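In what follows, a structure is listed as structure tokens, so that the remarks can point back to it.
The values are calculated or read from the model by the stated rules, or taken from the named source; none is laboratory data. Note that the structure is a prediction, hence the values are computed from the model and not measured. All Cβ positions, glycine included, derive from the backbone under ideal geometry; neighbour counts span all protein chains shown. Note: accessible area is taken over every heavy atom of the protein model, side chains too, but ligands, DNA and RNA are not part of it. Shrake-Rupley method; radii C 1.70, N 1.55, O 1.52, S 1.80 Å.
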Amino acid sequence: MGGSWAGPARAIRLWCEMAVGVLNTPELADKYLMQTGRRLPVTFVRGEGCLLYDEDGKEYLDLVAGIAVNLLGHAHPEVAAALIGQARTLVHTSNLYFTRPQVELARRLVDLSFPSRVFLCNSGAEANEAAIKIARKWGAHNREGAFEIITSVGSFHGRTLATVTAGGQQKYSDPFKPLPDGFVHVPYNDLDAIKAATTERTVAVMLEPVMGEIGIILSAPGYLAKVRSWCDEKDLLLILDEVQTGLGRTGRWFAYQHHGITPDVMTLAKGLGGGVPIGACLASPRADVFEPGDHGSTFGGNPLACMAALTVISVIERDGLVGHAAEMGELLHGALLGLGAKDVRGIGLMQAFEFAEPRAKAFQQACLESGLIVNAVDENSVRLVPPLIITGAEVDRAQATMQQAIK
Ligand SMILES: Cc1ncc(COP(=O)(O)O)c(C=O)c1O
């Protein structure tokens with residue numbers, strides 16, 4: 001940020017420190033933030049590229065990227081410049097009016113993917129919520145009120161009531177019963193299970209092309225193409241949740257491009273804004289059923305977030321980061337195999353491995369202490385989703401640290 005902000009920022013910080021006395025950041029969080037998740041014992045204050053720095057100035061190599069968000073790493077100068085420029089021009093107007101960055105972003109997304117139009121929102125859950133509403137409206141108009149969506153066991157689609165129900169993980173949904181109707185869960189990579197679950201009520205199949213949150217579970221060769229054919233045969237919509245896989249992470253712009261298919265509806269978020277919250281739901285002409293009044297978002301598609309996203313997309317394109325992600329993904333995969341890790345799996349810069357014993361959390365902590373950020377998704381599995389800009393030297397550095405931590 002420019003020097004003109006340093007003064008006010010310091011003053012606010014000093015005021016906060018005076019106001020809160022001697023409590024450190026975790027203690028303050030405990031006192032004032034709802035405890036919705038567990039945090040690792042570190043407070044980051046700045047970042048640059050693939051590196052993060054804590055309050056004591058300690059450096060960390062970041063293989064998590066804000067959970068598959070910071071595609072261009074931290075504090076990317078062009079994203080920062082775009083944000084500053086847009087903040088000085090126009091941050092928000094609402095969707096009662098037109099703004100140019102919003103339509104430019106929609107056009108860029110459509111040009112990169114498949115013929116469609118775009119609804120812009122603020123998160124992955126909202127993008128999926130839009131997709132679910134599209135499917136229900138499409139079913140009401142085209143399939144005599146069919147409304148059920150088949151999703152997969154273990155999937156993750158967000159934390160709103162509908163998306164947490166769509167996701168196939170009861171630990172996230174069951175505390176909030178009663179849940180909305182209309183979601184049927186089947187095992188992933190099992191076409192016969194989808195076939196068996198399809199009834200007159202079924203309107204769509206909703207899948208992650210790679211299941212991310214549960215620990216990088218790849219779709220089996222041919223699975224998505226066969227699901228596409230089944231959807232065509234039964235007149236169902238295919239919704240692909242590319243919130244985690246989209247925008248180069250798998251070594252293609254979108255993961256569906258590995259499978260020679262296109263979805264009817266695709267959702268994006270995470271990496272799209274380079275860290276600025278934004279989500280998008282794309283619907284092909286067949287599924288483009290929203291009409292004025294059907295859906296909305298006060299902040300969705302605001303000029304600030306859209307300028308960030310336009311910048312992220314143009315840097316990815318200009319710097320060839322999609323191909324780079326494929327190349328670095330292979331390198332990282334090889335590095336993990338070199339560690340002797342079990343069940344190394346992944347595509348592009350979405351990689352994971354398994355411990356035979358419940359050691360993932362201890363491994364994560366050991367890496368953190370040695371200046372490396374990895375993500376233990378459960379007791380046994382570790383997920384790595386670094387920025388797309390990661391270099392070969394950084395992969396080597398990560399491998400050396402993991403080699404020590406794995407002992
Ligand atoms: C595949 C997938 N869909 C949806 C979401 C929810 O996105 P958000 O947290 O932005 O609501 C996530 C988040 O991890 C995700 O991985």
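See the values below:
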{"item": "Largest-first principal axis extents, alpha carbons of the range 113-168, Å", "result": "29, 24, 19"}
{"item": "Alpha-carbon Rg with Dmax, taken over the chain, Å", "result": "21.5, 66"}
{"item": "Positive-end residue, the range 78-178 charge dipole about Cα centroid, Cβ charges, pick of ASN122, LEU105, LEU90", "result": "LEU90"}
{"item": "Value at 222 nm in deg cm²/dmol, rounded to 500, when DSSP H runs of n ≥ 4 in the chain each add -39,500 (n - 2.57)", "result": "-11500 deg cm²/dmol"}
{"item": "Lys, Arg +1 and Asp, Glu -1 on Cβ, resulting dipole of the range 41-116 about Cα centre, debye, nearest 20", "result": "480"}
{"item": "Pairs beyond 20 Å (Cα-Cα), from LYS342/LYS407; LYS137/LYS234; LYS137/LYS226; LYS31/LYS361", "result": "LYS137/LYS226; LYS31/LYS361"}
{"item": "Accessible surface, per residue, of the chain when the full set of protein chains is kept, probe 1.4 Å, Å²", "result": "46"}
{"item": "Accessible surface of the range 185-241 [probe 1.4 Å, protein heavy atoms]: carbon and sulfur percent", "result": "52"}
{"item": "Inverse of mean 1/r across different Cα pairs in the range 190-324, Kirkwood, Å", "result": "16.3"}
{"item": "Check: the chain dipole with +1 on Lys, Arg Cβ and -1 on Asp, Glu Cβ, in debye", "result": "420"}
{"item": "Candidates GLU208, GLU27, GLU55: whichever shows maximal mean-square fluctuation once the chain is modelled as a Gaussian network with Cα springs under 10 Å", "result": "GLU27"}
{"item": "Length-normalised contact order of the chain in % [C-alpha pairs under 8 Å, at least 6 apart]", "result": "21"}
{"item": "Taking the range 338-407 and dividing mean pair separation by its residue count, relative contact order in percent (alpha carbons under 8 Å, at least six apart)", "result": "32"}
{"item": "Cα centroid separation, the range 164-199 to the range 291-369 (Å)", "result": "25"}
{"item": "Probe 1.4 Å - accessible area at MET307, Å² to nearest ten", "result": "50"}
{"item": "Ranked packing of 244-257, 37-50, 159-172, most packed first, by mean Cβ within 10 Å", "result": "244-257, 159-172, 37-50"}
{"item": "All-pairs Cα distance distribution in the range 74-176, expressed in whole percent, bin size 10 Å", "result": "12, 28, 34, 20, 6, 0"}
